[in-house]
Amino acid sequence: MKKLIYIILLISVAFGGFGQSFNSFMQSVENNNPKLIALQKWLEAEETKAKTGIYPDNPEVNYNYLWGSPDAIGNQQEFSITQSFKLPGYYISKSAAQQFNFKQKQAMAEKKKRESLHSARSAWFDLVWLHKKKALLKKRKKDTENLVAIMKEGFEGGEISKPAFDKARIYAIGIQSEWQKVQSDIKVQIQYLQQLNGGNTIEGLIFEYPLNWELPGLDSLIAGLSENNPDLLMAQLGIQQSKQEVKHQRMNSLPSFKAGYKSETILDQKLEGFHAGISIPLWENKNSVKYAKLQTETSKANLTQQESEVKAQVSKLYYEITALKDNFEQMKLILEEERVSESSLELLESGQISFSDYLMESEMIFESYLTYLQYQHDYHLATSSLMVLTE
């Protein structure tokens, strides 16, 4: 009966009180992870960059002083202020194209952020798995200690052979070794989580799976991809940027202008007036508009390809998650049955089963627990992967 209570506690831990440890950890990672901090700084720099180069060129001021020869001519002075500019639509289209480019970088940064948070969630789930395995091995270690005591008593009483007693001791050593390895793995994983958290400690947190994860319907996930998937957002913005590039290149193929003031002094006479000029782009923009139009078609084709790939990824993950959930829920029902939880050690002590039968049944039950815990771990890991694509 004690074993039954232990099994129920072990299995229900994934469905019990979760608290705020996981949410607190993820929020802390979002604020302190060095990779995410660097990503935010890069995005701020790119936002500033998107606002540059969208204005007319700077005014140009020139002054010339020329010595005259012979002296009767006198010295000549020239002074001019000029400003070159294009039609207003040139700057508007260029600014719009750069803003769409920046929005693509925002979507790319969001994708990298989701991937980093997925890595943090995965590391957390690995630690949860190790703690659950540790709890399982703790019970198994205690059972093997009792097993060795029973086998020793039987050996000293002449009921158990020396080879059988040695097998029990070797079996116990193997369990002890596995227990020590899990302890070491937990320490390593805690250090890794602290690194992901910017070096901040994670002491005091309860390492459990999140309780509030609900799997939406596949149709609703697919329908929301165009608004929620970073790759599709980048592809859509790429089309908008390409369209603005077409407008920009059309404006760039129009003449540019120059206007200003100019004065000249020679032979004690001063001449002054307005300066005007026009630059006609006959050669350099010949294929620019055509290229921009082809880029638009390429962007549209890229969006179609991205939609197909992302929908396939989401569908595959969805069915994988559904299968994993069904598997660990079925395993939960099986492991809760009374017959599985019956104490094999008590049967061995009372002589109802042999030592070989005990080992076989003990291994079977232990592997069943591990399979259940693996299904549970893989379910949360796959759900986290789905969030990268759809959240």
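The values are calculated or read from the model by the stated rules, or taken from the named source; none is laboratory data. All values derive from a computational prediction rather than experimental measurement. Cβ placement follows ideal geometry from the backbone for every residue including glycine, while neighbour counts extend to all protein chains displayed.
Look at I321 and say whether it is in contact with a Pro (Cβ under 6 Å, 6 or more places away or on another chain), among the hydrophobic types (A, V, I, L, M, F, W, C) and more than 30 Å from A168 (Cα to Cα).
No: the conditions fail for I321.
When the residues of segment 145-182 are narrowed to those that are of a type in the set (F, W, Y) and closer than 18 Å to F366 by Cα, which ends up surrounded by the most Cβ atoms within 10 Å (Cβ to Cβ)? If you could, list the steps in order and put the result at the bottom.
So in segment 145-182, the residues of a type in the set (F, W, Y) come out as 155, 165, 171, 179.
Next, only the ones that are closer than 18 Å to F366 by Cα stay: 171, 179.
Values: Y171: 19, W179: 17.
The residue in question is Y171.
Mind checking which residues of segment 61-84 are out of contact with any Pro (no Cβ under 8 Å at 6 or more places or on another chain) and closer than 17 Å to G273 by Cβ?
Start the filter on segment 61-84 by keeping residues that are out of contact with any Pro (no Cβ under 8 Å at 6 or more places or on another chain), which leaves 61-80.
Hits for segment 61-84 are V61, N62, Y63, N64, Q76, Q77, E78, F79, S80.
Spot the failing condition for L267; the list is (1) more than 30 Å from Q76 (Cβ to Cβ); (2) more than 40 Å from the chain's Cα centre (by Cα), and only one is missed.
Status for L267: all satisfied but (1).
Which one is nearest to the chain's Cα centre (by Cα), of the residues in segment 180-227 that are under 18 Å from S21 (Cβ atoms) and of a type in the set (D, E)?
E208
Yes or no, residue by residue, for (1) in a helix (DSSP H, G or I); (2) of a type outside the set (A, V, I, L, M, F, W, C); (3) modelled with pLDDT under 90; (4) buried (at least 16 other Cβ atoms within 10 Å of the Cβ):
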{"position": "I8", "(1), (2), (3), (4)": "yes, no, yes, no"}
{"position": "F25", "(1), (2), (3), (4)": "yes, no, no, yes"}
{"position": "S28", "(1), (2), (3), (4)": "yes, yes, no, yes"}
{"position": "L43", "(1), (2), (3), (4)": "yes, no, no, yes"}
{"position": "D57", "(1), (2), (3), (4)": "no, yes, yes, no"}
{"position": "V61", "(1), (2), (3), (4)": "no, no, no, no"}
{"position": "A96", "(1), (2), (3), (4)": "yes, no, no, yes"}
{"position": "Q99", "(1), (2), (3), (4)": "yes, yes, no, yes"}
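Could you pull out every one of the helices (runs of 4 or more DSSP H) wholly within segment 145-255 that has 3 or more residues that are on the phi < 0 side of the Ramachandran plot and free of Cβ contacts under 8 Å to residues at least 60 places away in the same chain?
Once the helices (runs of 4 or more DSSP H) in segment 145-255 are filtered for at least 3 residues that are on the phi < 0 side of the Ramachandran plot and free of Cβ contacts under 8 Å to residues at least 60 places away in the same chain, what remains is 162-196, 218-223, 230-252.
Determine which single condition Y65 fails, assuming it passes every other condition in (1) loosely packed, with under 13 Cβ neighbours inside 10 Å; (2) modelled with pLDDT of 90 or more; (3) assigned to a strand (DSSP E or B).
So the condition that Y65 fails would be (2).
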